[in-house]
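Visitor: The following block contains the structure, expressed as structure tokens.
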Amino acid sequence: MTDPARRLSPAVRLAPAKLNLTLAVVGRRGDGFHDLHSVVVRLALADRLSVAVRPSGDDSLHVTGFDPGPTADNLVLRAIAATRAATRASWPGAPAPPPALAARLDKRIPVAAGLGGGSSDAAAAIDAALEAWDATLPEAERLRLAAAVGSDVPLFLVPGAALIEGRGERVTGLHGVRCRPGEEPGVLLVTPAVPVHTADVFAAWSGGAMAEPGVARRASEHFASEFGSGLGVPQLIERAAVLASANDLAAAAAAVVPELVRFRRAVMRLLGRPVGVAGSGPTLWVLYPSANEAEAAAAVVRTAIGEGPLVAPGDGSPFVTATTIESGAELADGASSAPGDARRDNR
């Protein structure tokens with residue numbers, strides 16, 4: 001058994017972005033959350049987190065890339081603190097508490113974009129902290145810990161595609177996309193420089209900014225059944241138009257950011273393909289048969305923005321990238337995929 005204080009290398013995890021291919025809001029719960037029915041996939045786009053034992057002091061966090069806001073509010077530190085409390089009596093150095101950790105986070109996923117980056121970071125922090133302390137938790141206890149940190153965290157405990165229900169704590173793995181390694185479907189992501197907080201979007205939904213009730217839920221249930229046994233890439237692309245319209249929060253996101261409607265239509269005209277809204281927005285997504293085709297589309301969007309025909313909401317340039325849907329295998333970059341804000345207001 002390794003003495004955590006003598007560990008020479010940090011524990012490293014990649015925290016993948018997620019994409020809600022469907023998102024139905026079933027209703028509001030008495031605890032302030034909302035019941036959901038959503039088919040979710042993980043993307044190759046990922047943050048990178050490393051943690052190492054500190055010889056003294058408190059937990060610390062250094063962030064590069066996208067600015068996630070005040071360090072004290074970051075879910076990585078919250079997740080580390082919650083994991084310490086859960087393992088205090090069971091880690092190898094008990095009864096002393098697990099030592100402080102120094103965390104470094106490379107934020108590659110836009111913040112408040114509907115891509116779950118904060119949730120994924122939190123789950124990665126739980127997993128990395130356990131490794132750094134040479135500690136373990138039974139699966140059921142780890143799931144409870146993840147749900148306590150936040151609604152979306154249990155999602156990142158399941159590799160690949162999944163169906164999430166309840167407020168996000170019920171996660172069922174799905175087969176997802178049937179394809180060979182290197183042949184995963186491509187995804188174009190376009191995130192306007194307008195952070196959108198999920199609490200505001202749900203408030204707009206509760207206030208009546210919603211599509212026809214039940215439509216997204218029926219589409220989500222049908223797609224979950226198909227995705228459960230797996231779909232080939234061509235079959236997934238054939239369903240892109242249905243999936244792009246199967247998001248109950250799209251109308252609410254547009255109520256929060258009215259310019260999003262015009263921008264989404266402009267991207268649709270430019271690319272000639274269905275364009276969906278990721279989670280609670282404002283990120284737009286477009287499916288492609290391959291990573292190369294998604295990258296070509298990203299180049300078209302960047303050129304249109306740079307030359308002026310495509311005007312995005314916000315004061316700065318949007319984040320435009322091409323990525324792929326992960327099949328559940330280990331992520332690249334030399335780190336294993338991690339279980340993964342999980343705040344009530346940041347899905």
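Visitor: In the chain, what percent of the accessible surface is made up of carbon and sulfur (1.4 Å probe, ligands and nucleic acids excluded)?
Guide: Working: 7370 of 14380 Å².
That share works out to 51 percent.
Visitor: Could you list which residues have their amide H under 5 Å from that of G65, counting only those 5 or more apart in sequence or on another chain, with H placed in the peptide plane?
Guide: For G65, the qualifying residues are K107.
Visitor: Next question. What are the equivalent ellipsoid semi-axes of region 1-123, built from the alpha-carbon gyration tensor (square roots of five times its eigenvalues), in whole angstrom, biggest first? Walk me through the numbers before you get to the answer.
Guide: On the way: eigenvalues 183, 67, 36 Å².
Gyration-tensor ellipsoid for region 1-123: 30, 18, 13 Å.
Visitor: Write down the radius of gyration of region 150-216 and its Dmax, each obtained from C-alpha positions, in Å.
Guide: Rg and Dmax of region 150-216, Cα atoms, are 15.9, 44 Å.
Visitor: Can you pull out the trypsin sites (Lys or Arg not before Pro) in region 13-46 that DSSP calls coil and that have at most 14 other Cβ atoms within 10 Å?
Guide: Numbers: sites: R13, K18, R28, R29, R42; in loops: R29.
Passing sites in region 13-46 are R29.
Visitor: Please report the relative contact order for region 175-286, taking Cα pairs under 8 Å with a sequence separation of at least 6, and give it as a percent rounded to a whole number. Mind dumping the intermediate values first?
Guide: Numbers: 129 pairs, mean separation 45.4, N = 112.
Answer for region 175-286 is 41 percent.
Visitor: What percentages, rounded to whole numbers, describe P(r) for region 94-204 computed over all alpha carbon pairs with 5 Å bin width beginning at zero?
Guide: Over region 94-204, the share of Cα pairs per 5 Å bin runs 2, 9, 15, 18, 19, 17, 11, 5, 2, 1 percent.
Visitor: Taking each pair of distinct Cα atoms in region 26-71 once, what is the resulting Kirkwood hydrodynamic radius in Å?
Guide: 15.4
Visitor: If DNA, RNA and ligands are ignored and the probe is 1.4 Å, what is the ranking of H37, H62 by accessible area, most exposed first?
Guide: Sorted by accessible area, descending: H62, H37.
Visitor: While we're looking at this one, here's another question. How many percent of the alpha carbon pairs in region 112-177 exceed a separation of 21 Å?
Guide: Details: 478 of 2145 pairs.
Percent of Cα pairs beyond 21 Å in region 112-177: 22.
Visitor: If you don't mind, there's one more thing I want to ask. Please report, to two decimal places, log10 I(q)/I(0) for region 169-265 at q = 0.10, 0.17, 0.19 Å⁻¹ as given by the Debye formula with identical point scatterers on the Cα atoms and no solvent.
Guide: Treating every Cα as an identical point scatterer, log10 I(q)/I(0) equals -0.36, -0.96, -1.10.
Visitor: Same structure again: From the C-alpha gyration tensor of the chain, pull out the three semi-axes of the equivalent ellipsoid (sqrt of 5λ each), sorted largest to smallest, in whole Å. Mind showing how you got there, number by number?
Guide: Values: eigenvalues 225, 88, 78 Å².
In descending order the semi-axes read 34, 21, 20 Å.
Visitor: Which length gain, in nm to one decimal place, applies between R170 and A193 when the Cα-Cα distance is subtracted from 0.36 nm times their residue separation?
Guide: Gain in length upon complete extension: 5.1 nm.
Visitor: Express the accessible area of region 211-250 per residue in Å², computed with a 1.4 Å probe while the remaining protein chains stay in the model.
Guide: Per-residue accessible area for region 211-250 comes out at 46 Å².
Visitor: At 0.36 nm per residue, and after removing the present C-alpha to C-alpha distance, how many nm does the segment from E139 to R54 gain when stretched out fully?
Guide: Once the chain is fully extended between E139 and R54, it gains 27.9 nm.
Visitor: Related question: I need the phi-derived Karplus couplings for region 182-187: 6.51 cos²θ - 1.76 cosθ + 1.60, θ = phi - 60°, integer Hz, Gly and Pro marked x.
Guide: For region 182-187, the Karplus-derived couplings read x, 10, 5, x, x, 9 Hz, x marking Gly and Pro.
Visitor: For region 118-126, take each phi angle, set θ = phi - 60°, evaluate the Karplus expression 6.51 cos²θ - 1.76 cosθ + 1.60, and give the result in whole Hz per residue in order, putting x for glycine and proline.
Guide: Values, residue by residue: x, 5, 5, 4, 4, 5, 4, 5, 4 Hz.
Visitor: Quick one: Karplus J couplings for region 211-225, per residue in order, coefficients 6.51, -1.76, 1.60, θ = phi - 60°, nearest Hz, x for Gly and Pro?
Guide: 7, 4, x, x, 5, 5, 5, 5, 5, 5, 5, 5, 5, 4, 5
Visitor: Also: Order the peptides 298-304, 188-194, 151-157 from the highest to the lowest mean number of other Cβ atoms within 10 Å of their residues.
Guide: Numbers: 298-304: 16.7, 188-194: 23.4, 151-157: 27.4.
Ranked from most to least packed, the peptides come out as 151-157, 188-194, 298-304.
Visitor: Please report the Cα spread of region 222-330 along all three principal axes, rounded to whole Å, starting with the longest.
Guide: 43, 31, 28 Å, listed from the longest principal axis down.
Visitor: While we're on this one: Defining a contact as two alpha carbons under 8 Å apart and six or more residues distant in sequence, what relative contact order in percent does region 111-252 show?
Guide: Taking the mean separation of contacting Cα pairs over the length of region 111-252, I get 24 percent.
Visitor: Right, here's the next one. If ligands, DNA and RNA are left out, what is the accessible area of F33 with a 1.4 Å probe, given in Å² to the nearest 10?
Guide: Ignoring ligands and nucleic acids, F33 comes out at about 30 Å².
Visitor: If you don't mind, there's one more thing I want to ask. So who's got an amide H within less than 5 Å of the one on E169, skipping anything under 5 residues away but keeping other chains? H placed 1.01 Å off N, in plane.
Guide: Correct list: empty.
The values are calculated or read from the model by the stated rules, or taken from the named source; none is laboratory data. Keep in mind the model is a prediction, meaning the values are calculated, not measured. As a convention, Cβ positions derive from the backbone with ideal geometry for all residues, glycine included, and neighbour counts pool all protein chains shown. Heavy atoms of the whole protein, side chains included, go into the accessibility calculation; ligands, DNA and RNA do not. Shrake-Rupley method; radii C 1.70, N 1.55, O 1.52, S 1.80 Å.
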